[in-house]
Structure formats: C-alpha cells, structure tokens
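Please treat every number below as a calculation from the coordinates, not as lab data. These figures come from a predicted structure and were not determined experimentally. Using ideal geometry, Cβ is built from the backbone for each residue, glycine included, and neighbour counts are taken over all protein chains shown.
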Amino acid sequence: MSRRHATILASTLLLIAMLCAVALVRVPYSELSPGPTVNTLGEYGGEPVLSIDGRESYDTAGNLNMTTVRVTGADYEMTLGEALYSWISDDAAVVPHESLYPDGTTAEEAEQENAEEFSRSQESAKVAALRELGIPVAERTVVKAVVKDGPAEGTLRAGDVIKAVDGSPVTEPSEVAELVTEHEPGEDVVFTVVPVKAATAAEEAGEDPAAAETREVTLTTTAAEDDRAIVGIQAGTAHTFPFEIDIRLADVGGPSAGLMFALGITDKLTEEDLTGGTFVAGTGTITPDGEVGPIGGVTMKTLAARAAGARYFLTPEANCPTAAKARPDGLTLVEVTTMDDALEALEDIRADDTESLPVCAAG
C-alpha cells in the first residue's frame, strides 16, 4: 500500500471514529430551549387558566403570558453531537446536567419538586394579588413538611395548624423554631395543633381552620448538626381565601409563573384592563408580599415570548443583564422588582407612555 493510500485510509478511519463519537458518546450536559407560553387571561386546553367564583370578576383583553423552558429530562444524557448542535443553535442553550439535577436527582424527584414549587407559587400569587387589591387574606402557621425519621414523624402531619408551642401562642413560622430551640436536645416540647383533617373540614365548611378543635402533642427533641434542639418539622404559612380562585394549567412546574399569575388574578378582579389590549409576557417568582424574584432560562423565555407575539417582557431585576444581552428584536424588556413595579409598567404601557419604562440594560 502506498503512503498516499495509507494516509487516506487512516484519515477515513479517523473520520469514522469521530462521527461515531459524535453520534454515540454521551456527555454530562442538558439542553434548554423555548417552551410553551400561555396567556393567563385566556384558555388552555379548552378551559380558562384563571377562574374566580364568589366574587365579581371582569372580562379582560390583551395578554399576560407566562413563559416556560423546555429541559431535557433528568434521566437523559445528551450525545456529543446533540450538545454541539445545541451549542451553536440560536434557540437553545447547553448547561451542565448537575446544574439542573444536583446530587443525582431522579426524574420522579425532579417532577415532584417542580410540582410542589408550582403549587406554592400559585398560593403566593393569589395572596399577592388580593393584598394588592386590599382584600384581606387569613393566614395561619402550619406544618409544611415532616422530616423522615425525625421525632415528629408519625405524630405531626403536613397541614396541621400550629397554635402554640409549650403554651406560647404562635403567629409566625419563625416562632416555632425559636420556641423549640429554647430546649436542650432530649427535652420534651408540647405542640398545640389543629389536626389537618379537622382544619380541612372546617375550611370546606367555610369556617376558620385555625379555630377548629385542638389537641396537644408531646415530642422529644433531638440534636441538629449544630447541636440545636429540633423536632424534625418545617413550619410554614397557609392561607384561607375569601372566595375561590382556581388556576388550571397542567404539565407546568416550578415557581417562575408566580408574577404573571398574580397579575392575571389582579386583572380579572379589576374593571379596567391592565394591558390596554397589549401583548405583555413575563416571568418571575412572587412572594405573598409581592416581591419578584429571579428565575432560570430567561433567554429561552424571551425567545418564546417574542415568537408568540409579545411586545413587552416583565423581567426580574436580577435576570435583566442576561436577558438584555440576547434580547430578541421587537421585544422591550421591562425591569421589575415588585408587583407594584409591574403594575406601574402596565399603566405606562396601556397609556402608551413607554418612554419612562425601566428597560433592562446589558451587564
């Protein structure tokens, strides 16, 4: 075989090996791409995304679209070729797999966590909207979660209303830990609670869940890693709403639609259209007090919003520098840190006074 033929053969074999590597070799990366965007004022799957029962609501115009990101699953490993293609694509991003699924998170665990975050974001959105409108929302301190193999397992349940600890009334979740840590590990602590079944029955009957019959539970504390006394629960806040607000949106997870849900609810309960008929999209977590927090995948969300027809995109302050670097043509990125900021921006948009909008700037 001549040297020329040997070189051609070697090059061909090398090319085949490289193609096989591109097609078969798995790499520890995941892909982000634009996901569906849904108008919170409209319908999804033939049903209203937001519906209100027991309070007057109003017809709405325009769009307040929540946005999503498509992500490769926890159990999927990209090939080298897929990673390279996504890396050079204008409408996809490649990130380390562990940044989305840390500590070997399984698909089932990721789905469960996303569902729980989505549920919490809906409740926060409802509270933020009603507080913005000056509508009182009753709240109570509850057991949010029980730690496996902790002192409270099998005795306290998620949803139990915590009325007192050692006889001291509890009004805030932080007070629960404060009262428990007054003990030394190994000492008993007494919880006065309304069991979740009684609380649920009271709420369904239109009564105050926190006023239902209580019982006392004695738990023996154990030591945390820092030697604090703990009982193995996470305390949180639950709310009782004065009328029914239903959010119907399947196959969506995570907390990032909170802001847009809160604005959608506010629009439904306000006679004037918040958007003035304009197509507005956005993203951001929301707290019950109306604070807007950052989210992941903002670039993919702005691409999805513009492709759907959005002209304005409400952007959490912390996400602004990243979003501005890849802003789609024709989309104005509006910086928001609170729900009040978002409402003020919508007021400017419907008045066509957009010169004063706080526009995102690239970092």
For the range 165-287, what does the relative contact order come out to in percent, with C-alpha contacts under 8 Å and a separation of six or more? 22
Relative contact order in percent for the chain (Cα pairs under 8 Å, 6+ apart) equals 21
Determine the gain in length on full extension of the stretch Glu56-Asp91; use 0.36 nm per residue of separation and subtract their C-alpha separation, reporting nm with one decimal. 8.4 nm
Restricting to lysine pairs 8 or more places apart or on different chains, what number in the chain have Cα atoms under 18 Å apart? 5
Please compute P(r) over all alpha-carbon pairs of the range 206-359, binned at 5 Å starting from zero, and give each bin as a whole-number percent. 2, 8, 14, 17, 16, 11, 8, 7, 6, 5, 4, 2, 0
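Can you give the translational diffusion coefficient of the range 268-345 in µm²/s, computed by Stokes-Einstein from the Kirkwood radius over Cα pairs at 10 °C and 1.306 mPa s?
It diffuses with D of about 124 µm²/s by this estimate.
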With only helices counted (DSSP H, runs n ≥ 4, each -39500 (n - 2.57)), the per-residue ellipticity at 222 nm for the chain, to the nearest 500, works out to -10000 deg cm²/dmol
Kirkwood hydrodynamic radius of the range 310-363, Cα pairs, Å: 11.1
Quick one: if you stick a label point 7 Å off each Cα along the C-beta vector at Ser356 and Glu117, how many nm between them? 3.6
Per the C-alpha gyration tensor (a ≥ b ≥ c, the square roots of its eigenvalues), the chain is rounded if a/c is under 1.5, else prolate if a/b beats b/c, else oblate; here it's oblate
Between Glu184 and Ala201, what length in nm is gained on full extension when 0.36 nm per residue of separation is reduced by their alpha carbon distance? 2.5 nm
Round to the nearest 10 and give me the degree value, 0 to 90, for the angle of helix 258-268's Cα axis relative to the longest principal axis of the chain. 70
When the convex hull of the Cα atoms of the range 220-271 is projected onto a plane and the area is averaged over all directions, what value comes out in nm²? 7.0
Do any GluC sites (Glu not before Pro) in the range 184-239 lie in a DSSP loop with no more than 16 other beta carbon atoms within 10 Å, and if so, which? Glu187, Glu207, Glu213, Glu225
If you line up the Cα atoms of the range 157-217 on their principal axes, what length do they span on each, largest first, in Å? 41, 19, 18
Could you identify which residue out of Pro34, Pro321, Pro173 has the top mean-square fluctuation in a GNM of the chain using Cα springs shorter than 10 Å? Pro173
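Given a Förster distance of 25 angstrom, what is the FRET efficiency for Glu47 paired with Arg70, based on the Cβ-Cβ distance and rounded to 0.05?
0.65
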Modelling each spin label as a point 7 Å along the Cα-to-Cβ direction, I'd like the Thr237/Ile135 distance in nm, to one decimal. 1.8
Computed over the chain: longest principal axis from alpha-carbon atoms vs helix 339-350 long axis, angle to nearest 10 degrees, is 60
May I ask for the angle, rounded to the nearest 10°, between helix 3-24 and the longest principal axis of the chain, with both axes built from Cα atoms and the value confined to 0 to 90°? 20
